[in-house]
Each structure stands twice: as structure tokens, then as C-alpha cells.
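Asker: I'd like to ask you about the structure that follows.
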Amino acid sequence: MRGGLMKYNERYYNINQAFECDSTFFQVFNAELTIGNKLTVFENPASMVISETFAESIFGRNNPIERCFTQGQFYGEEQNFTVNGVMKDFPLNSHFHPDFVTTPVLDKFTYGWSWTYLLLAENANPENVKKGFTNYLAENRQDKTREMKTEVHLQKLGDIHLNSDKLREIEPNGNIRNIYVLGIAALFCC
């Protein structure tokens, strides 16, 4: 989500990270809810799940469920999101640490680039998945980006934190080489 601010009770709050998702978010990510039901929390458009840290910074120990946040300074018109759940903060070794995740206000596909996560069947062929994305984008683009070359890359979720160096990373990642260097140094020091 863009804009960096959310409004609650006529006061603006800075947002470090926030993302729009679909109802399958908790099937892909092993995030734990402290309030709410993973199966129903994202049933409706403009549903919001906030992190424990974000909830505490705004509501203290009060229950945030059914509270409404507003975003509007970036998109031009105000959009309201309803808190339906609270999740534990993502662990430090995660490649992202959202203050909240929401479903879109309008129940439709958003055009533009995005980070997309897929949960593939155990025997799925990643090359077929990549080809399917490429074909879908080539056939369904309705704007001038049709002439642009789009490359599809797949990467295992567990590899992102230490083994990824993509152009548009969500946040700086760790580096597996540093782990190896520290491990070798530890061996020599013992």
C-alpha cells in the first residue's frame, strides 16, 4: 500500500509496511492471529489485520476489532478499512514486517507490479507456472505495457531472507555469504 499514513480518530499514523492481499494470505504465510479467525478475517473487501506492535501503539490494551482506519492522501479519495484481526509480529528473519495487511477496497484485480506469492502443489512444475504467467500477461494487458517485456521469476519463500538480491526487495535482506564467513571465523577462533 502506498502513502505511508493512515488516519484513526482524526489523527495520522506513520506506516512502515502495509500490503494488500487476498483471502488466502494466511494459507501462504504462517502468521499467527491473536485475535480473529484465519478462515474468515479476509472475507470482505477493506478488511484489515494489524500487527501486535501496531495495535499496541494505537490502542494500548483496548480491543481494536471493528475500528476503522482511513487512507486517502495518496489515492485522492478516502478509503476505509475495518480491523478484523490482530497478528503476531513477523519474526526478525522474515523478509517483510508489515504493520498491517488488508484486502482491497474494491474486489478486483489491481493492475501494476506487485509482489506475488503462490502456494504450489507439491508436484507442480515451476517452469509451467512461469509460462502460464507470461502467457496470461501477454494476452490480458489492455494498456501500452503490452509492448514491454515481462520476465517472471519464481523463488522459494524460505530462500528470500538470505539468498535474494532482486531489484525491488521489500526490505534489505541478510546475506548467506556473511553467515559462512562468520562460521569459518568461529571455527578458527575455537
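Asker: Could you go through region 57-68 in sequence order and give the Karplus-derived ³J(HN,Hα) for each residue, using 6.51 cos²θ - 1.76 cosθ + 1.60 with θ = phi - 60°, rounded to whole Hz, and x for Gly and Pro?
Answerer: Result, ordered by residue: 5, 9, 10, x, 9, 6, 6, x, 4, 6, 6, 10 Hz.
Asker: Right, something else. Quick one: what do you get for region 4-74 if you divide its Cα Rg by 2.2 N^0.38 Å?
Answerer: 1.13
Asker: Taking the Cβ of each residue in LYS7, LYS156 as the centre, tally the other Cβ atoms inside 10 Å and list the residues starting with the fewest.
Answerer: LYS156, LYS7
Asker: Assuming R0 = 35 Å, can you tell me the calculated FRET efficiency for the pair ARG61 and TYR117, based on Cβ-Cβ distance, to the nearest 0.05?
Answerer: Details: r = 33 Å, r/R0 = 0.93.
Efficiency, rounded to the nearest 0.05: 0.60.
Asker: Before anything else, pin down the relative contact order of region 9-88: Cα pairs under 8 Å, at least 6 apart, normalised by residue count, whole percent.
Answerer: Working: 88 pairs, mean separation 29.6, N = 80.
Reported relative contact order: 37 percent.
Asker: Can you list the residues, at least 5 places off or on another chain, whose amide H is less than 5 Å from the amide H of GLU20, using H built in the peptide plane?
Answerer: THR102
Values quoted throughout were computed directly from the atomic coordinates according to the rules given, and no laboratory measurement underlies them. Keep in mind the model is a prediction, meaning the values are calculated, not measured. Note that we place each Cβ from the backbone using ideal geometry, even for glycine, and neighbour counts take in every protein chain shown.
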